[in-house]
1. Tally time: how many residues in segment 114-127 are surrounded by fewer than 17 Cβ atoms within 10 Å (Cβ to Cβ) and either touching a residue at least 60 places away in the same chain (Cβ under 8 Å) or in contact with a Pro (Cβ under 8 Å, 6 or more places away or on another chain) (or both)?
2. Are there any pairs with C-beta distances below 6 angstrom linking a residue in segment 1-25 that is basic (Lys, Arg) to a residue that is modelled with pLDDT of 95 or more, with the two at least 6 apart or on different chains, and if so which?
3. Restricting the search to segment 78-92, which residues are open to solvent by less than 30 Å² (accessible area, probe 1.4 Å) and under 17 Å from residue 169 (Cβ atoms)?
4. Does residue 153 fit the bill of being in a loop (DSSP other than H, G, I, E, B), modelled with pLDDT under 95 and open to solvent by 30 Å² or more (accessible area, probe 1.4 Å)?
5. With respect to residue 111, determine if the residue is of a type in the set (D, E, K, R), outside any strand (DSSP E or B), open to solvent by 80 Å² or more (accessible area, probe 1.4 Å) and at positive phi.
6. Being of a type in the set (Val, Ile, Thr) and surrounded by 18 or more Cβ atoms within 10 Å (Cβ to Cβ) is the filter; apply it to segment 17-58 and report the residue that is nearest to residue 88 (Cα to Cα).
7. Any residue in segment 24-41 that is of a type in the set (A, V, I, L, M) and closer than 20 Å to residue 61 by Cβ?
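The values are calculated or read from the model by the stated rules, or taken from the named source; none is laboratory data. Just so you know, these numbers come straight off a predicted model, no measurement behind them. Positions of Cβ are backbone-derived with ideal geometry, glycine not excepted, and every protein chain shown enters the neighbour counts. Note: areas computed on protein heavy atoms with side chains; ligands, DNA, RNA excluded. Shrake-Rupley method; radii C 1.70, N 1.55, O 1.52, S 1.80 Å.
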Amino acid sequence: MTTYRIRPAREIDLIVLQDIERSAGAPFADMGMTSVAEDDPPSIDSLREFVQNGRAWVSTDGSDRPVAYLLADVVDGNAHLGQVSVHSEVMRRGIGTALLNHMIGWAREHRLPAVTLTTYTHVPWNGPYYERHGFRYLAEHEESPGLREIRAAEIAHGLDQWPRACMRRELPPASRRLSRERNPSSSYR
């Protein structure tokens, strides 16, 4: 059984992250979302910015080869999940969930009150997945200015050919000890 480990993404990983993104997009084609499946991955410069700011993590296999990644940001004072992608060869092994939990731990450590994201509402590994992980859909009037700006960029990019929405998960304040207990270990199977 392969053990996966989460670590900060490095500059040397950037091209691999683009490959992961391309592979992770393939299942969208099966849902008739070909333009999403064929969308270009984030640019090297964009990925580099996340790495340099300490807001990019990878899940690696036993050879320290990245198989998934997550990009985080801070939007309107909340942690914001910008992207999480898992290579199609290792999907459905809890890798994306481990990265999500790692980011939630990071948000708690930084005392951020919530995690936000934007996602497709009807794609099983998008909206319904995040609902199972404690996120709720935001009504339009609940969207912060930064989320509205992200949504406007998504619309301009043509992503709203299918229903999309903003989601939020509150992160209640916890003691430092409790926060460490909820933060997943850096290795998992």
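1. Number of matching residues: 2.
2. 5/60
3. Hits for segment 78-92 are 78, 79, 80, 81.
4. no
5. yes
6. Checking each candidate, the answer is 20.
7. Step one: list which residues in segment 24-41 are of a type in the set (A, V, I, L, M), which gives 24, 26, 29, 31, 33, 36-37.
If we keep only those that are closer than 20 Å to residue 61 by Cβ as well, we get 24, 26.
Yes, there is a match, as at least one residue in segment 24-41 is of a type in the set (A, V, I, L, M) and closer than 20 Å to residue 61 by Cβ.
Residue by residue, here is whether (1) in a helix (DSSP H, G or I); (2) open to solvent by 30 Å² or more (accessible area, probe 1.4 Å); (3) over 20 Å from residue 28 (Cα atoms); (4) of a type in the set (Lys, Arg) holds:
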| residue | (1), (2), (3), (4) |
| --- | --- |
| 107 | yes, no, yes, no |
| 129 | yes, yes, no, no |
| 148 | yes, yes, yes, yes |
| 172 | no, yes, yes, no |
